[in-house]
């Protein structure tokens, strides 16, 4: 019985030593798994009146907070369509998380903050965040994600 304990202890010690010698530092996700640098984020704004009817033809001024920039509508001025919708396209700058890179993981945030100004001077803020994540450890690779390509929808009720 004591010999079995010694063998088990030796095997555990060897396994631990091997795992520590490999470590997670220096491991990287597979090549070609880099975050997109030219990611475009589509946001669809839906304006509704207090009775939930679409607010058609409402002019808006859109300002993107740095580091994101507004791609469309051009000039930062748009108007809702007959359904009260306005599609906006932003180019957020990738913001890598340097703390996790030391462990071999790659996590990059794409943040969009926009201020919408209505004709009467009222303002609304939209905060949107997408992420790219690649984990070096096989145990966590099921949590890998790419930034969403489908648009995000935001509804604002006008009173």
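The values are calculated or read from the model by the stated rules, or taken from the named source; none is laboratory data. Just so you know, these numbers come straight off a predicted model, no measurement behind them. Using ideal geometry, Cβ is built from the backbone for each residue, glycine included, and neighbour counts are taken over all protein chains shown.
Results for (1) over 18 Å from residue 65 (Cβ atoms); (2) assigned to a strand (DSSP E or B); (3) over 16 Å from the mean Cα position of the chain (by Cα), shown as yes or no for each residue.
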{"residue": "88", "(1), (2), (3)": "no, yes, yes"}
{"residue": "99", "(1), (2), (3)": "yes, no, yes"}
{"residue": "103", "(1), (2), (3)": "yes, no, yes"}
{"residue": "113", "(1), (2), (3)": "no, yes, no"}
{"residue": "116", "(1), (2), (3)": "no, yes, yes"}
{"residue": "125", "(1), (2), (3)": "no, yes, yes"}
{"residue": "130", "(1), (2), (3)": "no, yes, no"}
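Yes or no: residue 38 in contact (Cβ under 8 Å) with a residue 40 or more places away in the chain, closer than 21 Å to residue 146 by Cβ, in contact with a strand residue (DSSP E or B) (Cβ under 9 Å, 6 or more places away or on another chain) and loosely packed, with under 13 Cβ neighbours inside 10 Å? For residue 38, the condition - in contact (Cβ under 8 Å) with a residue 40 or more places away in the chain, closer than 21 Å to residue 146 by Cβ, in contact with a strand residue (DSSP E or B) (Cβ under 9 Å, 6 or more places away or on another chain) and loosely packed, with under 13 Cβ neighbours inside 10 Å - is met.
Mind counting the residues in segment 66-78 that are closer than 20 Å to residue 36 by Cα and in contact with a strand residue (DSSP E or B) (Cβ under 8 Å, 6 or more places away or on another chain)?
The qualifying residues number 6.
Within segment 118-139, the set of residues being surrounded by fewer than 15 Cβ atoms within 10 Å (Cβ to Cβ) and closer than 30 Å to residue 61 by Cβ comprises 119, 120, 121, 122, 123, 125, 127, 129.
One line per residue, one yes/no per condition, for (1) touching a helix residue (DSSP H, G or I) at 6+ places or on another chain (Cβ under 9 Å); (2) exposed (fewer than 13 other Cβ atoms within 10 Å of the Cβ); (3) without any contact (Cβ under 8 Å) to a residue 60 or more places away in the chain:
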| site | (1), (2), (3) |
| --- | --- |
| 50 | no, yes, no |
| 64 | yes, no, yes |
| 88 | no, no, yes |
| 91 | no, no, yes |
| 102 | no, yes, no |
| 113 | no, no, yes |
| 116 | no, no, no |
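Given the criteria modelled with pLDDT under 85, within 24 Å of the chain's Cα centre (by Cα) and assigned to a loop (DSSP other than H, G, I, E, B), does residue 36 qualify? It is false that residue 36 is modelled with pLDDT under 85, within 24 Å of the chain's Cα centre (by Cα) and assigned to a loop (DSSP other than H, G, I, E, B). Taking the condition within 19 Å of the chain's Cα centre (by Cα), modelled with pLDDT of 95 or more, outside any helix (DSSP H, G or I) and more than 24 Å from residue 33 (Cα to Cα), does residue 81 pass? No: the conditions fail for residue 81.
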